[in-house]
Amino acid sequence: MKIALIGATGFIGSKILSEAADRGHVVTAICRHPQNILKHQNVQAVFADVMDTPAIERLLSGQAAIIHSYSPPYDMKLRAHVNDYVAGLTAAGRSQMEALALYEPPDRAAHAADVHARIEAQTAATQSIIRAAKAAGVKRILAVGGAGTLLIGGVRNMDRPGFPVAYEGGAKSTAVVKELLHEHKDLEWTVLCPSMLILPGRRTGNFRLGLNDLLTAADGSSHISVEDFAAAFVDELETPKHVRRRFTVGY
């Protein structure tokens, strides 16, 4: 299958790229740094700015599907502070989720500005992708979602007390993707949301799928390796079972 992947050098996008190429799909990998793209016989790395709708349209022409894995830039100083804080607590014996739950931004104004900027960037990028897809005549869009919009007891995860403030920018900006796709009845869209934690690990092929509720394991944790997330994502690409809806994956 010929597919275009937008955001091909990202944490999740790069794993989807590898999974799709290894399964024999021909991927046009669209990003701002094509020199960082996986070298593979089934991958063509192409430079484009996601906000340049005409350029994106040209690259989408003739594709069977589009993978939207664009993630907006974040405040590097704030991210470094989060990483240092979490590393310190995990070294002292806390779990990663415990550390994230305890984190508070040192500069609330800077944090709020970062969240707003990421929402604005994701909105503009997703709108650009949708316009380009329609102009190119491609109806199928598969997008990376977030765990923040999944439900726990009927309440959105990101609206619950204790949701990590460090995840706020990612959760709120990623929520925009499904909201915008849902407005377009002529598109065959799908959004796959990870579990609460998505981390580097192994491709086991042994995972569960769900719909709107956050998946948790028997020990109460909610996690998925990025490799298994990519496997579930490409499974959906090859055999569509969640057209015009969201679903999730976890252990």
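The values are calculated or read from the model by the stated rules, or taken from the named source; none is laboratory data. All figures in this text were calculated on a predicted structure; none of them were measured in a lab. Note that each Cβ is placed from the backbone with ideal geometry, even for glycine, and that neighbours are counted across all protein chains shown. Note: areas computed on protein heavy atoms with side chains; ligands, DNA, RNA excluded. Shrake-Rupley method; radii C 1.70, N 1.55, O 1.52, S 1.80 Å.
Give LYS77/LYS172; LYS39/LYS185; LYS77/LYS134 a once-over and call out the pairs whose C-alpha atoms are over 31 Å from each other.
The answer is LYS39/LYS185; LYS77/LYS134.
Just one of (i) 61, 41, 30; (ii) 49, 42, 38; (iii) 51, 39, 36 is Cα extents along the principal axes in Å calculated from these coordinates, so which is it?
Here the calculated entry is (iii).
Let's test the formula: R0 of 45 Å, r as the Cβ-Cβ distance of LYS39 and LEU151. What FRET efficiency results, to the nearest 0.05?
Plugging the Cβ-Cβ distance into 1/(1 + (r/R0)^6) gives 0.65.
For segment 2-144, with all protein chains present and a 1.4 Å probe, just round the carbon and sulfur fraction of the accessible area to a whole percent.
Carbon-and-sulfur percentage of accessible area, whole number: 53.
Just reorder ARG32, ARG202, ARG156, ARG244 by solvent-accessible area, largest first, 1.4 Å probe, all chains present.
Largest to smallest exposure gives the sequence ARG202, ARG32, ARG244, ARG156.
Taking the chain as the reference, fit the longest principal axis to its C-alpha atoms, fit the long axis of helix 226-238 to the helix C-alpha atoms, and give the angle between the two in degrees, 0 to 90, nearest 10.
Helix 226-238 and the main axis of the chain meet at about 30 degrees.
Take the chain, connect every pair of alpha-carbon atoms lying under 10 Å apart with a spring to form a Gaussian network, then pick out the residue of ASP159, ASP228, ASP219 with the largest mean-square fluctuation.
ASP219
Under the 0.36 nm per residue contour assumption, what length would be gained going from the current alpha-carbon distance of LEU209 and MET1 to full extension?
Full-extension gain reported as 72.5 nm.
How large is the dipole of segment 1-123 about the Cα centre if only Lys and Arg carry +1 and Asp and Glu carry -1, each at its Cβ, rounded to the nearest 20 debye?
360
For the chain, take the longest principal axis of its alpha carbons; what is the angle in degrees between that and the long axis of helix 108-136, to the nearest 10 within 0 to 90?
20
Roughly speaking, what is the stretch gain from PHE11 to ALA112, that is 0.36 nm per residue apart minus the C-alpha to C-alpha distance, in nm to one decimal?
Length gained, PHE11 through ALA112: 34.0 nm.
Using a 1.4 angstrom probe and counting only protein chains, how large is the accessible area of HIS182 in Å², to 10?
90
With a 10 Å cut-off between alpha carbons and a GNM built on the chain, which of ALA133, ALA91, ALA45 moves the most?
Among ALA133, ALA91, ALA45, the largest GNM mean-square fluctuation belongs to ALA91.
For segment 1-109, what is the accessible area per residue in Å² when the probe is 1.4 Å?
Dividing the accessible area of segment 1-109 by its residue count gives 53 Å².
How high is the FRET efficiency from ASP49 to MET76, r the C-beta distance, R0 25 Å, rounded to 0.05?
After rounding to 0.05, the efficiency reads 0.80.
Which angle from 0 to 90°, rounded to the nearest 10, does the C-alpha axis of helix 76-91 make with the longest principal axis of the chain?
Here the helix axis deviates by roughly 50 degrees.
Please give the solvent-accessible surface of SER69 in Å², to the nearest 10, using a probe radius of 1.4 Å with every protein chain present.
20
Could you list which residues have their amide H under 5 Å from that of GLU188, counting only those 5 or more apart in sequence or on another chain, with H placed in the peptide plane?
ARG140, ILE141
Between ALA92 and ARG202, take the C-beta separation as r, use R0 = 41 Å, and let me know the FRET efficiency to the nearest 0.05.
The formula returns an efficiency of 0.95 here.
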